[in-house]
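What follows is a short report on a single structure.
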C-alpha cells in the first residue's frame with residue numbers, strides 16, 4: 001500500500017512536471033524522488049508519467065490518480081486538524097442524561113448554548129430518573145446528568161443550575177381552581193392528592209412529605225406516579241390535586257389549572273448538573289464551561 005509520503009511526492013512531480021523542481025520543492029535530491037515514484041508505480045501496477053530526456057507528462061492513469069491523490073491528502077490534513085480539535089475539546093461526543101421535567105425548562109437552554117458556542121460537540125440525550133442517571137454516570141454510560149439533589153459519591157461533582165417554585169395543579173372543575181384567591185397549603189388537608197412514587201419520584205415525594213409535615217397537613221394520597229406529565233393527566237381525570245414544578249406550565253395541559261400556593265414559598269424545586277471527577281472525555285470540559293456560564297447567568301430563582 002502506498003504511503004502519504006509517496007502521494008506528496010507524486011503530486012509535486014505532477015504539478016511541476018519536472019523532477020528537479022519537484023525535488024527542490026520537497027527539499028530532497030532527485031534520485032530518491034525518482035525511486036519513490038517508481039515504487040509507487042510498481043505498487044499501483046500502472047505508469048503515472050511518460051518520461052523523455054526533456055519532458056515529463058502525466059499518463060491518462062496519472063491524471064486520474066492525481067485527482068484522487070489530492071483528495072486523500074486533503075482528507076489526511078482534515079483528519080489531523082479534527083484530531084487536534086478533539087484533543088482541545090472543540091469536537092467530540094458527550095452523553096447527557098436528564099429528568100423529564102428538565103426537558104420542559106432547562107434542557108433547551110443547554111442545547112441552544114452548546115449549539116452556539118461548541119457546535120463541534122454532538123450531544124447524545126438520554127431521559128431517565130435521577131437514580132438511574134447516577135448508576136449510568138458511575139458505570140460510564142453518561143458523561144453528564146441533569147438531576148434532582150441531593151446526590152453523593154466520592155467521584156461525583158455537582159453544580160446548581162436552576163430553582164423554580166412548586167405550583168398547585170388543579171382540575172379546571174375543582175373548587176380550588178374556581179376560587180379567586182390562591183390555594184394555601186392547608187387547603188390540601190384531607191384532599192385527594194396525587195403523590196409521587198417514593199422510589200422513581202423520590203425527590204418530589206420526599207419534598208412534599210416534608211412540606212406537609214411542617215404544615216401539619218395530611219392529604220389523602222390516591223396515586224403514586226413518577227413523571228409530572230402523568231401527574232397532570234391524573235389531575236385532569238379528577239383523581240386528585242397535586243403539586244408540580246413551575247416548568248410543568250410548558251406542557252399546557254388542557255383542563256388543568258396551575259396556581260401558586262401560599263405557605264410554601266421557601267420550598268423551591270432545584271435542578272443540578274453532575275459529572276464524574278476524572279472523566280477523560282476532552283469534549284466534557286468544553287461543554288462544562290458553556291453550561292457553567294449559563295448557570296451563572298440564570299441561577300437566580302424565580303422565587304427569589
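The values are calculated or read from the model by the stated rules, or taken from the named source; none is laboratory data. Since this is a predicted model, take the numbers as computed values, not measurements. Every residue, glycine as well, gets a Cβ built from its backbone with ideal geometry; the counts of neighbours run over all protein chains shown.
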Original post:
Going through the stretch 1-17 one residue at a time, which ones are closer than 18 Å to residue 73 by Cβ and part of a loop (DSSP other than H, G, I, E, B)?
Top reply: 1, 2, 3
**OP:** Check residue 151 against each of (1) touching a strand residue (DSSP E or B) at 6+ places or on another chain (Cβ under 8 Å); (2) within 30 Å of residue 208 (Cα to Cα); (3) not in a loop (DSSP other than H, G, I, E, B) and name the one condition it does not meet.
**Re:** (3)
Original post:
Filter the stretch 183-203 for residues that are in a helix (DSSP H, G or I) and at pLDDT below 95; which is surrounded by the fewest Cβ atoms within 10 Å (Cβ to Cβ)?
Top reply: 202
Subject >> Residue check, residue 149 loosely packed, with under 14 Cβ neighbours inside 10 Å, in contact (Cβ under 8 Å) with a residue 24 or more places away in the chain, under 32 Å from the mean Cα position of the chain (by Cα) and assigned by TED's automatic domain parsing to the domain that holds residue 239 >> reply: no
**OP:** Kindly indicate the residue of the stretch 43-71 that is assigned to a helix (DSSP H, G or I) and touching a strand residue (DSSP E or B) at 6+ places or on another chain (Cβ under 8 Å) and also farthest from residue 15 (Cα to Cα) among those meeting that condition.
**Re:** 62
Subject >> Enumeration of residues in the stretch 18-42 that are out of contact with any helix residue (DSSP H, G or I) (no Cβ under 7 Å at 6 or more places or on another chain), outside any helix (DSSP H, G or I) and surrounded by 15 or more Cβ atoms within 10 Å (Cβ to Cβ) >> reply: 18
Subject >> Filter result for residue 218 (surrounded by fewer than 17 Cβ atoms within 10 Å (Cβ to Cβ), touching a residue at least 24 places away in the same chain (Cβ under 8 Å) and not in a helix (DSSP H, G or I)) >> reply: yes
Subject >> All positions within the stretch 221-275 that are part of a helix (DSSP H, G or I) and either touching a strand residue (DSSP E or B) at 6+ places or on another chain (Cβ under 8 Å) or surrounded by 20 or more Cβ atoms within 10 Å (Cβ to Cβ) (or both) >> reply: 228, 231, 232, 234, 235, 236, 246, 247, 248, 249
Original post:
In the stretch 130-146, what residues are touching a helix residue (DSSP H, G or I) at 6+ places or on another chain (Cβ under 8 Å) and buried (at least 20 other Cβ atoms within 10 Å of the Cβ)?
Top reply: 130, 142, 143, 144, 145, 146
Original post:
Just a yes or no: is a residue in the stretch 131-146 farther than 24 Å from residue 268 by Cβ, modelled with pLDDT of 95 or more and either assigned by TED's automatic domain parsing to the domain that holds residue 229 or assigned to a strand (DSSP E or B) (or both)?
Top reply: no
Original post:
Are any residues in the stretch 72-98 without any contact (Cβ under 8 Å) to a residue 60 or more places away in the chain and outside any helix (DSSP H, G or I), and if so, which ones?
Top reply: 95, 96, 97, 98
**OP:** Restrict the check to the stretch 153-169 and report whether at least one residue is under 13 Å from the mean Cα position of the chain (by Cα) and either under 18 Å from residue 263 (Cβ atoms) or modelled with pLDDT of 95 or more (or both).
**Re:** no
Subject >> So residue 141, is it out of contact with any strand residue (DSSP E or B) (no Cβ under 9 Å at 6 or more places or on another chain), within 30 Å of residue 279 (Cα to Cα) and in contact (Cβ under 8 Å) with a residue 12 or more places away in the chain >> reply: no
